[in-house]
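This report refers to the structure that appears directly beneath it.
The values are calculated or read from the model by the stated rules, or taken from the named source; none is laboratory data. Everything numeric here is computed off the predicted structure, so don't read it as measured data. Glycine also receives a Cβ, built like all others from the backbone with ideal geometry; neighbour counts cover every protein chain displayed. Quick note on the areas: whole protein, heavy atoms, side chains included, nothing else; ligands and nucleic acids left out. Shrake-Rupley method; radii C 1.70, N 1.55, O 1.52, S 1.80 Å.
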Amino acid sequence: MACAITYDLLVTIFQPSSPLHDGAVVIQENRVAAAACFLPLTVNPVVSRELGTRHRAALGLTEENDAVAVVVSEERGQIALAIDGRLERDLTADELRDRLQSLISSRGTGTRRPATPVYEH
């Protein structure tokens, strides 16, 4: 059963003591469709060695389908956005919001296939 997405729900899922903490949350049509998901890792040989599993999973997922992945570094709190196998790093919250709004608005123009956001903490 899918749950309506809320700030409190996402914060609860990603608490270190939560059994759902590890893995990704899949959001479809403004609802949490799945949590604690393991994603395919990128096999791109030129990806920086400084990127960990979380970022490699975001890249791998977006290489294989039309998903958009938001990644937050647990160590530094830095925000990254993965789209089409590319990573936009060190975004501010405002930059992320603007970028996601741009992607959502482009959905209606047919310039990009409908995206399924995947949030991985």
Which condition from (1) open to solvent by 50 Å² or more (accessible area, probe 1.4 Å); (2) modelled with pLDDT under 90; (3) over 22 Å from His21 (Cα atoms); (4) among the acidic types (Asp, Glu) is the one that Asp94 breaks?
(2)
Please find, among Arg99, Arg113, the residue that is surrounded by 13 or more Cβ atoms within 10 Å (Cβ to Cβ) and either modelled with pLDDT of 60 or more or not in a helix (DSSP H, G or I) (or both).
Arg99
With the structure loaded, tell me whether Gln15 is in contact (Cβ under 8 Å) with a residue 60 or more places away in the chain, open to solvent by 30 Å² or more (accessible area, probe 1.4 Å), out of contact with any strand residue (DSSP E or B) (no Cβ under 6 Å at 6 or more places or on another chain) and not hydrophobic (A, V, I, L, M, F, W, C) or whether it fails that test.
no
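Would you call Gly52 over 26 Å from Ser102 (Cα atoms), more than 11 Å from the chain's Cα centre (by Cα) and open to solvent by less than 40 Å² (accessible area, probe 1.4 Å)? Break it down into steps so the answer makes sense when it comes.
Numbers: over 26 Å from Ser102 (Cα atoms): yes; more than 11 Å from the chain's Cα centre (by Cα): yes; open to solvent by less than 40 Å² (accessible area, probe 1.4 Å): yes.
Against the criterion (over 26 Å from Ser102 (Cα atoms), more than 11 Å from the chain's Cα centre (by Cα) and open to solvent by less than 40 Å² (accessible area, probe 1.4 Å)), Gly52 qualifies.
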Subset of region 18-31 [open to solvent by 70 Å² or more (accessible area, probe 1.4 Å) and outside any loop (DSSP other than H, G, I, E, B)]:
Gln28, Arg31
Within region 55-72, how many residues turn out to be assigned to a loop (DSSP other than H, G, I, E, B) and either of a type in the set (Asp, Glu) or surrounded by 16 or more Cβ atoms within 10 Å (Cβ to Cβ) (or both)?
2
Kindly list, by first and then second residue, each pair from a residue in region 54-83 that is touching a residue at least 12 places away in the same chain (Cβ under 8 Å) and over 24 Å from Pro16 (Cβ atoms) to a residue that is acidic (Asp, Glu) and surrounded by fewer than 21 Cβ atoms within 10 Å (Cβ to Cβ), limited to pairs with Cβ atoms under 7 Å and residues at least 6 apart or on different chains.
Thr62/Asp84
Enumeration of residues in region 71-85 that are out of contact with any Leu (no Cβ under 8 Å at 6 or more places or on another chain) and farther than 15 Å from Arg54 by Cβ
Asp84
